[in-house]
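Structure first, then comments.
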Amino acid sequence: MICITLLAFLATLAAREANGFAPSNLGSSHIIKTFSRSPQMTALKMAEDGNDEVAKLMAAAAKAREEAARLARELGKEDTESSKSTTATLSKTPKKNPEEVMNAINAIDFSASASLQISALDELRKDGYLSLYKSATAENGSGDLRSYPVSLNMLESRSGLTSEKLGIGVEEVSLDDFKYGTLYVTGGCSVLGVAALAFLPENVGATVCYLVAVIPILWLGIGSTAPAVIANLISAVKGGGDDTNKVDRVCRHEAAHFLCGYLCGLPIANYATTDENIPRVEFHYSADGPATASRELTEDEVNALTVVAMSGSVAEAIEFGKAGGANSDLMELQNIFRQSKDFLGAEKQQSLTRWGALTAYRLINANKDKLDSLCDAFSEQKSIAECVAILER
């Protein structure tokens, strides 16, 4: 009896489940109507999704190209495609005639604040008067100022530059110069003292001997407290073997600073003629002017300033085989590193210095004709506006 009751219960349950799964007329008609209306909506949705996918793919492709360019530079290879595209972009920019460019540049007050200079130059760039200004910056789509690790081997293989050619770590006055200088001073004064006692009257000879004996003491005293004074004296005695091309060196050095600073979009802080009758140029650190305790330098600003700081020595090394001395530029570079927002250790500073030299080498080689014209302009003491017009010809 229990078995019969259980079987009846299971049969009833199975019947209910069967009725629950049976499709109703309303459900069928609703499905048919839904499918009959869906093609238009689906097509529209597919079109929208397709546009989104295309946009995503284009963005991904652009990002991939940027990454490929970065990796190419890190490997020390030129990104030919990006350079071609940049050249093509510049060639499409409508060119103004030289007179229009000169008139537009003359209207800029280069003695104004950094922000006013940048806004005025940006306006001319937007209007098509300037094509080289900021051409090395990310704002122009260039990756030239994106730093990457550079070793000594990479720097030499890509540019032929070494630390000796750039004047980095090379002492103009060596320890041997100090040693021989001390020997010459001591020996010479000893001979003079003995000669004074032997050939001059007794009182006069003794006085001269005492005076001469003080010279080696002064030499050692100044050398231990202010060695730079003795170093400058030794350097002057050794003589300037490069005096014949000193003017050319200074012109090329300063012109390279001007060129790379202009390509990096740095505003000019000072432009004055020195005792050599050659203009020297200094740049503001940023659009806000000099860095302060409350306004440290960003990575992009440090990169641009590093390239500009190294450009003078690089230009000298390219033209004359060796830079005449980069001490002032390296001291300025140390000051830049100290004011960086990000901490830069010794190894990072050295790598960044080498990267700056390599990037300056690339920029100078790409604009060699411009640099040559700028050197002539500096030797003729032309104004800032005239120098900018020469670069934009």
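Quick notes
- Packing-based exposure ordering (other Cβ within 10 Å, fewest first) of TRP219, TRP355: TRP219, TRP355
- For segment 121-187, the list of GluC sites (Glu not before Pro) that fall in a loop by DSSP and count at most 12 other C-beta atoms within 10 angstrom reads GLU171.
- Lysine-lysine proximity count for segment 118-248, Cα under 17 Å, sequence distance 8 or more or distinct chains: 4
- Extending 7 Å from Cα along the Cβ direction at ASP176 and again at VAL247 yields two label points whose distance is 3.4 nm.
- Mean projection area, nm², convex hull over Cα of segment 175-238: 4.4 nm²
Values in this text are rule-based calculations from the coordinates and carry no lab data. Treat the numbers as computed from the prediction; the structure is a model and nothing was measured. For neighbour counting, all protein chains shown are included, and Cβ atoms are generated from backbone atoms with ideal geometry for every residue, glycine included.
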